[in-house]
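Undergrad: Below is one structure. I have some questions about it.
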Amino acid sequence: MITQLSGRLIEKNPTAVVIDCNGVGYAVNISLHTYSQLGDEEQIKLFTHLQIREDAHTLYGFFTPLERSVFRLLLSVSGIGASIARTMLSSLEPDQIQRAIVTEDLVTIKSIKGIGLKTAQRLIIELKDKMMNLFESEEIPTFKNNTIKEEALSALEVLGYPRRQAEKVIDNAIQSQPESSVEGLIKLALNKL
C-alpha cells in the first residue's frame, strides 16, 4: 500500500498532479481542497490512498492525513465511491464535512453535487460516531438543532454574502459563543465579513 509520496511536482491541475519520486512519475488524483493547499512549491508531500480494482490502480492524494481519513470514512459508506468522496472534499473542507455529519446538517450535505436526501441521511447514520472519534471532540460543538445556525445563514445569504464564506464565520462565532441567539450570530458574523 502506498501511503505517502514525497517528490518533485511535475504537473499540477485542479484534479490531478504528477509527482516525480526518484525518476518515477506518479499520477495522483486530488481534491480542490488539496489543490488550493499546494501552492507553488517544487518539493511536495502528499498522503495517499491507493484504490485497486480489476481494471485500474488509482492513487488519491491529500495534503493532510485528516483529509485522507475523511476520504476513507466516506468510502466506507454504501453508495459513496471515490469520485463522489473527492467531489465532497472539493466542495467542502474536511472539517466542514465532519461538522455537517456530526451536527446532522442535511442542508449542507445535500448541497454537494451528487448527494441526495437518502445518501445524506445514510452518511449521518453511518459516520456520525466515527467522525466524532476522528477529531478532537472539543473542536466540534454537537448541536442537535441547527435552526439558529440555518436562520443566521439564510439572513446573511439574503444580505448578499456567499454561503460558504458566511458558514465559516458563523461556525467560528458558534464555537466562540455557543449560547448566541440568531441576532447575536448575525451581528458577530457581520463584524467579520
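Undergrad: Tell me, which residue of the range 152-193 that is surrounded by fewer than 13 Cβ atoms within 10 Å (Cβ to Cβ) and of a type in the set (Gly, Ala, Ser) is farthest from Val107 (Cα to Cα)?
TA: Across the range 152-193, the extreme among qualifying residues is Ser176.
Undergrad: Looking at the range 59-76, which of its residues are touching a helix residue (DSSP H, G or I) at 6+ places or on another chain (Cβ under 8 Å) and either of a type in the set (Lys, Arg) or exposed (fewer than 14 other Cβ atoms within 10 Å of the Cβ) (or both)?
TA: Once the filter is applied, which keeps residues that are touching a helix residue (DSSP H, G or I) at 6+ places or on another chain (Cβ under 8 Å) and either of a type in the set (Lys, Arg) or exposed (fewer than 14 other Cβ atoms within 10 Å of the Cβ) (or both), the range 59-76 yields only Ser76.
Undergrad: Could you please give the count of residues in the range 132-147 that are of a type in the set (A, V, I, L, M, F, W, C), modelled with pLDDT under 80 and surrounded by fewer than 17 Cβ atoms within 10 Å (Cβ to Cβ)?
TA: Count: 1.
The values are calculated or read from the model by the stated rules, or taken from the named source; none is laboratory data. Fair warning: this is a prediction, and the values are worked out from it, not measured in the lab. Cβ atoms come from the backbone with ideal geometry, glycine included; neighbour counts cover every protein chain shown.
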